[in-house]
Amino acid sequence: MVELYICKLPLKKEESDLNKLLVHVSAERQNRVKRFVKLDDAYRSLLVRFVLKERYGPVKEGLDWMTNSFGKPFSSNFPSFHYNISHSGEYVVCAVHDAEVGVDIKWAGRK
């Protein structure tokens with residue numbers, strides 16, 4: 001069964017709020033998240049880690065992340081964890097399955 005996680009980013013994004021979220025991830029991940037120029041991208045990047053925790057419980061530091069021949073990231077620590085992320089406007093979605101999966105979102109926003 002495909003699992004779908006949908007998040008709405010906060011309208012007002014503060015670096016101090018992001019820092020409160022970062023305490024829940026490894027120092028390595030914190031450094032990678034802090035490299036994002038846009039706060040939106042930093043917030044979005046944490047969704048996969050949240051989904052891993054929801055599925056498997058606490059996630060250890062030092063996950064082995066690699067990319068396949070198409071540049072798609074995966075973790076050898078969780079070989080049956082396949083995911084796809086899409087974002088539009090203030091929303092981000094993540095589809096998860098035991099096999100390859102895809103998701104797309106289009107948010108028209110408020111008029």
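Under 19 Å from V2 (Cα atoms) and in contact with a strand residue (DSSP E or B) (Cβ under 9 Å, 6 or more places away or on another chain) - does that describe any residue in segment 61-70?
no
Could you list, in sequence order, all residues of segment 6-44 that are of a type in the set (K, R), under 24 Å from G57 (Cβ atoms) and in contact with a strand residue (DSSP E or B) (Cβ under 9 Å, 6 or more places away or on another chain)?
Listed by number, the list holds a single entry, R44.
If I filter segment 87-104 down to residues being of a type in the set (V, I, T) and not in a loop (DSSP other than H, G, I, E, B), which single residue comes out as surrounded by the fewest Cβ atoms within 10 Å (Cβ to Cβ)?
Let us first name the residues in segment 87-104 that are of a type in the set (V, I, T), namely 92-93, 96, 101, 103.
Filter once more, keeping what is not in a loop (DSSP other than H, G, I, E, B): 92-93, 96.
Values: V92: 23, V93: 18, V96: 21.
Per the stated criteria, the residue is V93.
Taking the condition out of contact with any Gly (no Cβ under 8 Å at 6 or more places or on another chain), over 20 Å from M1 (Cα atoms) and either of a type in the set (A, V, I, L, M, F, W, C) or part of a strand (DSSP E or B) (or both), does A42 pass? Lay out the reasoning, then the answer.
Values: out of contact with any Gly (no Cβ under 8 Å at 6 or more places or on another chain): yes; over 20 Å from M1 (Cα atoms): yes; either of a type in the set (A, V, I, L, M, F, W, C) or part of a strand (DSSP E or B) (or both): yes.
Spelling it out, A42 is indeed out of contact with any Gly (no Cβ under 8 Å at 6 or more places or on another chain), over 20 Å from M1 (Cα atoms) and either of a type in the set (A, V, I, L, M, F, W, C) or part of a strand (DSSP E or B) (or both).
G71 passes all but one of (1) in contact (Cβ under 8 Å) with a residue 60 or more places away in the chain; (2) on the phi > 0 side of the Ramachandran plot; which number fails?
So G71 meets the others, but not (1).
Taking segment 31-62 only, how many residues are surrounded by fewer than 18 Cβ atoms within 10 Å (Cβ to Cβ) and of a type in the set (A, V, I, L, M)?
2
Is it the case, given these coordinates, that F36 is part of a strand (DSSP E or B) and aromatic (F, W, Y)?
When the stated conditions are applied, F36 does not pass them.
Filter segment 52-70 down to residues that are in a loop (DSSP other than H, G, I, E, B) and among the polar types (S, T, N, Q) and give me whichever is nearest to the chain's Cα centre (by Cα).
The first filter runs over segment 52-70 and keeps only residues in a loop (DSSP other than H, G, I, E, B), leaving 57-64, 68-70.
Then keep just the ones that are among the polar types (S, T, N, Q); that gives 68-69.
Working: N68: 18, S69: 20 Å.
Going through the qualifying residues, I end up with N68.
Which of the numbered conditions does S16 fail, given that it passes all the others? Conditions: (1) loosely packed, with under 13 Cβ neighbours inside 10 Å; (2) of a type in the set (S, T, Y); (3) part of a strand (DSSP E or B).
S16 satisfies every listed condition except (3).
Being under 17 Å from L46 (Cβ atoms), of a type outside the set (F, W, Y) and not in a strand (DSSP E or B) is the filter here; which residues of segment 71-86 pass it?
None; the set is empty.
Read-outs throughout are calculated quantities, based only on the coordinates presented, and are distinct from any laboratory measurement. Since this is a predicted model, take the numbers as computed values, not measurements. Quick reminder, even Gly has a Cβ in these numbers, built from the backbone with ideal geometry, and neighbours come from all protein chains shown.
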